[in-house]
Amino acid sequence: MHSVEASAPGVVPFPPDFRMQEVATNGTTVHVRIGGAGPAVVLLHGYGETGDMWGALATDLARDHTVIVPDLRGMGLSAKPVGGFDKKTQAHDVAGVLDEIGIEKADLVTHDIGNMVGFAFAASYRNRVLKFVLIDAPLPGVGPWEEILKNPLLWHFRFGGPDMERLVAGRERIYLDRFWNEFSATPARFSEAAREHYAALYSRPGAMHSGFAQFAAFDQDAIDNKAFLAAGKLAMPVLALGGEKSFGLFMAEVMRFAASDVQGAVIPDSGHWIMEENPIATTALVRAFLDGGS
């Protein structure tokens, strides 16, 4: 079952000493990559990619961190359950992974839908997250969410259901190219080999259904996030990163509605796909924050 990832054409490979583990938790099975030694850091991917996106950052962080990289529920090489795609449930998936490998506290680095799962985890388990980096995607129900929804580029938030699945069946690459092209500053930096790699993973049985379900859960996520914030903003240090040609410093504006200690920064010469478009700057910004004082 690991043949797609083992070759990982077009993506930066994880160091060879990383191991892969299937963790049964919270009614599903999560595929996890684990490597390095030292303080723990969890990397959560978003839509259109899998945990494979983090190869370059994981390589850097593994020099002095224990790096944990799950594929989100229903995505990549994780199991494809029928439900549970609200981000609060997926936060419990993350907690179960950490419990299984014996880690109590960790830093979080997240991108896209991973931001939403990471926020639900940080809000549900506030004493388990030391520092939190969120990259280039808003949070349902937080701050200007309703205005963000009006952006016509985000039509995919409401795209789903059985007829939509029929439309994209066998055409997964066409659907995904739209994201990789429209949300890039320089689409060519999302290589053809990487596109083939992710399209193969998203063409697996149940994968597109699971992806649509991630978006379909946004209304419930908004309800859950408002309840989280009613209990108080996040207190841990937060770095909100936005691509220069995407969310930019608006990421920090959004996160100030949700956290009390927020720094903002911009990944230069990049759209949404930060690890493909400018991995060097992304890695430098993340490491400086994780290594810095609280």
Give the residues of the range 201-250 that are among the small types (Gly, Ala, Ser) and without any contact (Cβ under 8 Å) to a residue 60 or more places away in the chain, sorted by residue number.
SER203, ALA227, ALA230, GLY232, GLY248
Within the range 6-46, count every residue that is touching a helix residue (DSSP H, G or I) at 6+ places or on another chain (Cβ under 9 Å), in a loop (DSSP other than H, G, I, E, B) and of a type in the set (A, V, I, L, M).
3
Tell me yes or no: at least one residue of the range 223-243 is over 17 Å from the mean Cα position of the chain (by Cα), at pLDDT 95 or above, farther than 27 Å from VAL11 by Cβ and among the β-branched types (Val, Ile, Thr).
yes
Scanning the range 221-256 residue by residue, those over 22 Å from SER124 (Cα atoms), surrounded by fewer than 21 Cβ atoms within 10 Å (Cβ to Cβ) and of a type in the set (Gly, Ala, Ser) turn out to be GLY248
Are any residues in the range 47-70 surrounded by fewer than 24 Cβ atoms within 10 Å (Cβ to Cβ) and assigned to a loop (DSSP other than H, G, I, E, B), and if so, which ones?
TYR47, ALA62, ARG63, ASP64, HIS65
Exception for ALA284 within (1) under 21 Å from LYS131 (Cβ atoms); (2) of a type in the set (A, V, I, L, M, F, W, C); (3) crowded, with 23+ Cβ neighbours inside 10 Å; (4) modelled with pLDDT of 95 or more falls at (3)
Hits in the range 247-259 - residues which are assigned to a loop (DSSP other than H, G, I, E, B) and in contact with a strand residue (DSSP E or B) (Cβ under 7 Å, 6 or more places away or on another chain):
GLY248, LEU249, ARG256, ALA258
Among helices (runs of 4 or more DSSP H) completely within the range 79-159, the ones holding 3 or more residues that are within 25 Å of HIS272 (Cα to Cα) and modelled with pLDDT under 95 are 145-149
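The values are calculated or read from the model by the stated rules, or taken from the named source; none is laboratory data. Everything quoted here is computed from the prediction, not taken from an experiment. Note that we place each Cβ from the backbone using ideal geometry, even for glycine, and neighbour counts take in every protein chain shown.
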